[in-house]
1. For segment 52-86, enumerate the residues that are loosely packed, with under 14 Cβ neighbours inside 10 Å and closer than 19 Å to residue 21 by Cβ.
2. When segment 74-104 is examined, which residues are found to be under 18 Å from the mean Cα position of the chain (by Cα), at pLDDT below 90 and assigned to a loop (DSSP other than H, G, I, E, B)?
3. Considering each of 41, 51 in turn, give the residue that is small (Gly, Ala, Ser) and either under 30 Å from residue 79 (Cβ atoms) or assigned by TED's automatic domain parsing to the domain that holds residue 111 (or both).
4. Kindly list the number of the only condition in (1) outside any helix (DSSP H, G or I); (2) under 28 Å from residue 13 (Cβ atoms); (3) under 15 Å from the mean Cα position of the chain (by Cα) that fails for residue 38.
5. Enumerate the pairs (first residue in segment 13-25 and in contact (Cβ under 8 Å) with a residue 60 or more places away in the chain and under 15 Å from residue 116 (Cβ atoms); second residue anywhere and loosely packed, with under 15 Cβ neighbours inside 10 Å and among the basic types (Lys, Arg)) with beta-carbon separation below 9 Å, excluding pairs fewer than 6 apart on the same chain, so at least 6 apart or on different chains.
6. Suppose we keep only residues that are exposed (fewer than 11 other Cβ atoms within 10 Å of the Cβ) and part of a loop (DSSP other than H, G, I, E, B) within segment 107-120. Which one would you say is modelled with the lowest pLDDT?
7. Among the residues in segment 44-56, are any over 26 Å from residue 30 (Cβ atoms) and of a type outside the set (Phe, Trp, Tyr)?
Amino acid sequence: MDIEGGGEVLVRQLVQSGLVRDVADLYSLKLAEVAALERMGEKSARNFFDGVAASKQRDLWRLLFGLGILHVGAGVAKALAAASPRSTTFLGAGVDQLTECEDVGEVIAQSVVQWHATRETGSSSSVCARRA
């Protein structure tokens, strides 16, 4: 994800403070929450937020890979991103729908479904073009 200003010390603080449980939580942080952390001022917090904003412009597969979903490596993340017209299309899909995606088998699909079940996100109907 390559977020400027998001080094190991900051990430550790974010996790220990309970503000972040996984990578997806970075996108719902508030500037004041980050600025209030130890050794983090307004300018450092702003630089971090600028880095988070810049990460939104990177390829979708990098975000999917960065979420740390079990069994979703770079190749599967690329397949999901290529098959999904919107960034959240595959979220909320069932195992059967996900296995329609290239490079996604039942184990990977179950892992994605389980990951999503722990989040409060929207659902979708069709996700991937059928395999040829």
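The values are calculated or read from the model by the stated rules, or taken from the named source; none is laboratory data. Because the structure is a prediction, the values reported are computed rather than measured. Heads up, the Cβs are rebuilt from the backbone with ideal geometry, glycines too, and the neighbour counts pull from every protein chain shown.
1. 68, 70
2. Matches in segment 74-104: 84, 85, 86, 87, 88, 89, 90, 91, 92, 93.
3. 51
4. (3)
5. Final answer for the pair search is 24/119.
6. Only one residue fits best here, namely 120.
7. No, that holds for no residue.
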